[in-house]
Amino acid sequence: MEHRVLGRTGRQVGVVGLGAWQLGADWGQVSEDEALATLAAAADGGVTFIDTADVYGDGRSERIVGRFAKDRPELTVATKMGRRVEQVPSSYVMDNFRAWNDRSRRNLGVDTIDLVQLHCPPTAVFSDDAVFDALDTLVAEERIAAYGVSVETCEEALTAIARPGVATVQIILNAFRLKPLERVLPAAREAGVGIIARVPLASGLLSGRYDEKTTFAPDDHRSFNRHGEAFDVGETFSGVGFETGLEAVRRLAPLVPEGATTAQFALRWILDQPGVSVVIPGARNPAQATANAAAAALRPLPESTLRAVRDVYDELIRPQVHGRW
């Protein structure tokens, strides 16, 4: 697998990583044995970057990832913090950072976490000098090796990129979410900040496996958060209406290279965007993890295909999201 530098962390990571939300909660039930098998399949496929968060299963995902990553120094493990309390700027203070960090380090079984990211905090947090001073202190104390941010909007990303200590920005980027290509990715390249592309398959829509008859379990966010009832609607199907997404996938289908799946095509499209460090598709089973990792072996897509993806976005997706993200 191709490796790229993960921004200011200086670490080399495989370009396809693994998002571990599915291994915690909100995607239906995944047993611990299945979760560990999924992690093993990803690693066997060349994955060296795993992204989790303290709220995924209230620490379950961190604990499983920590158990797997023990004695695997080739892995870079990132987690996120901040979503376990009321989402107001006053929650983002040093005392809370220490408490959250202590809990995550216990869950992961490490003294120093490779990368800790603020987990889509309130917008005002990105402009608070004290927040980043506190994160610098966590680095100085060797509680964390580096820090980054996970964002909902491009403006939040640009504010974070201007911070000298921010190593990475995690942002939704996929064939249904092109706005980051305009300013965020160029700014990140210029600053040496890594881009972690999340929700790369638009919550599975870009896998090509769904149709109008597809249903999801009640405990799956694709059932309970379609209109942002539980958290930002952009995290579910990238904020695109389910039916619109299905039509867009049908139009993209002829662009998929021979021998590749629709999901692999969607991941390759992300890897072809200048400035992307790693893409983090989730997986609920070993077969999905193996197939996702294999996307790194696809040839870069031709310019005509990249233009065609944008045409579908401009016609179907852009009018629906109204430039929000």
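Structure notes:
- Acute angle (nearest 10 degrees) that the helix 60-69 long axis makes with the longest principal axis of the chain, alpha-carbon atoms: 90 degrees
- Here A297 and T137 are evaluated by their C-beta separation; at R0 = 45 Å the FRET efficiency comes out at 0.60.
- Of the listed residues H119, H221, H227, the order by accessible area with a 1.4 Å probe, largest first, is H227, H119, H221.
- Three-way shape call for segment 91-226 based on the alpha-carbon gyration tensor, with the a/c threshold at 1.5: oblate
- Rolling a 1.4 angstrom probe over segment 168-325 with all protein chains present gives an accessible area of which 51% lies on carbon and sulfur atoms.
- Selection from L206, F231, T261, by position along the positive dipole direction of segment 188-286 (Cβ): T261
- Coarse-grained scattering of segment 1-68 at q = 0.11, 0.12, 0.15, 0.27 Å⁻¹, given as base-10 log I(q)/I(0) from a Debye sum over alpha-carbon atoms: -0.27, -0.32, -0.49, -1.14
- Solvent-accessible surface ranking, highest first, for D232, D314 at 1.4 angstrom: D314, D232
- Whole-percent carbon and sulfur share, accessible surface of segment 42-100, 1.4 Å: 46 percent
- Taking the longest Cα principal axis of the chain as reference, the axis of helix 32-44 is set at about 80 degrees.
- Taking the three principal axes of the alpha carbon atoms in segment 252-323, the coordinate ranges are 37, 25, 24 Å, sorted in descending order.
- Among (i) 23.2; (ii) 19.6; (iii) 21.6, the entry that matches Kirkwood radius over Cα pairs in Å as calculated here: (ii)
- Of the chymotrypsin sites (Phe, Trp or Tyr not before Pro) in segment 59-119, those whose Cβ has at most 14 other Cβ within 10 Å and which sit in DSSP loop: none
- For the chain, the longest principal axis of the C-alpha atoms and the axis of helix 242-252 are separated by about 60°.
- About its Cα centre, the dipole of the chain is roughly 460 debye, where the only charges are +1 on Lys and Arg Cβ and -1 on Asp and Glu Cβ.
- In terms of Cα atoms, the Rg and Dmax of segment 146-186 work out to 10.0, 30 Å.
- Cα Rg over Rh - segment 178-325, Kirkwood: 0.94
- Convex hull volume of segment 1-143 per residue (C-alpha atoms, cubic angstrom): 113 Å³
- Rounded FRET efficiency, nearest 0.05, which uses the C-beta distance separating D44 from V85 and R0 of 51 Å: 0.85
- For segment 1-98, with +1 on Lys and Arg beta carbons and -1 on Asp and Glu, the positive-most of N96, A37, G17 along the dipole: N96
- Across all Cα pairs in segment 220-287, the calculated P(r) in 10 Å bins from zero up to the longest distance comes to 17, 37, 41, 5 percent per bin.
- Per residue solvent-accessible surface (Å²) - the chain, probe of 1.4 Å: 40 Å²
The values are calculated or read from the model by the stated rules, or taken from the named source; none is laboratory data. None of these values were measured; they are calculated from a predicted model. No Cβ is skipped: glycine too gets one built from the backbone with ideal geometry, and neighbour counts run over all protein chains shown. SASA here: full protein model, heavy atoms, side chains in, ligands and nucleic acids out. Shrake-Rupley method; radii C 1.70, N 1.55, O 1.52, S 1.80 Å.
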